[in-house]
């Protein structure tokens, strides 16, 4: 059985930076799972074929949990004008020192997992364009319009990954 962990991260108190929280909600609803409260991460509910969590940031303490998964989807906001509003790309383990000491990107996170646990799940980043990062809990209309598209992309990717995995077994 292919196990997938969807990790949303960002701050729900910084407008569009919290878009991953909304994507996780849309996914959990479609998967028939409990919605997360604003103070819940989802870590206490792990154990399904497809799990989802929401964190403020990626932290090394999560690596042990991640070692039990075959596929990881990272969901975050971005501000890049050079990529699409819904930016989806594979993520590979790569040592990439952060310019901010409190921030670790998905590539570095997977590189640590590989170094410490000899595990290399497939990884994907689904990054949603954010426009407003002021201190409030509402998404801008343009970012809110991308939540369902991001959830659809993730679900279709999971279905495809499972079919591919099952045909290779």
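The values are calculated or read from the model by the stated rules, or taken from the named source; none is laboratory data. Every value quoted in this text rests on a predicted model; they were computed, and no experiment measured them. Positions of Cβ are generated from backbone atoms using ideal geometry, with glycine treated the same way; all protein chains shown enter the neighbour counts.
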Could you check the range 94-119 and list, in sequence order, the residues that are modelled with pLDDT under 95, more than 18 Å from residue 54 (Cα to Cα) and part of a loop (DSSP other than H, G, I, E, B)? 94, 95, 96, 97, 98, 99, 100, 101
Which residues, counting only those in the range 128-147, are touching a helix residue (DSSP H, G or I) at 6+ places or on another chain (Cβ under 9 Å) and either free of Cβ contacts under 8 Å to residues at least 40 places away in the same chain or not in a loop (DSSP other than H, G, I, E, B) (or both)? 128, 129, 136, 142, 143, 144, 147
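Could you please let me know if residue 147 is under 18 Å from residue 15 (Cβ atoms) and within 13 Å of the chain's Cα centre (by Cα)?
On the way: under 18 Å from residue 15 (Cβ atoms): yes; within 13 Å of the chain's Cα centre (by Cα): yes.
Against the criterion (under 18 Å from residue 15 (Cβ atoms) and within 13 Å of the chain's Cα centre (by Cα)), residue 147 qualifies.
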Are there any pairs, at least 6 apart or on different chains, whose C-beta atoms fall under 6 Å, with the first in the range 92-108 and on the phi > 0 side of the Ramachandran plot and the second in a loop (DSSP other than H, G, I, E, B) and at pLDDT below 90, and if so, which? none
So residue 71 passes all but one of these: (1) out of contact with any strand residue (DSSP E or B) (no Cβ under 8 Å at 6 or more places or on another chain); (2) touching a residue at least 24 places away in the same chain (Cβ under 8 Å). Which condition number does it fail? (1)
Identify all residues within the range 32-49 that are crowded, with 17+ Cβ neighbours inside 10 Å and either more than 13 Å from the chain's Cα centre (by Cα) or more than 25 Å from residue 78 (Cβ to Cβ) (or both); write none if there are none. 33, 36
From the list 120, 64, which one is surrounded by 13 or more Cβ atoms within 10 Å (Cβ to Cβ), farther than 25 Å from residue 15 by Cα and over 15 Å from the mean Cα position of the chain (by Cα)? 120
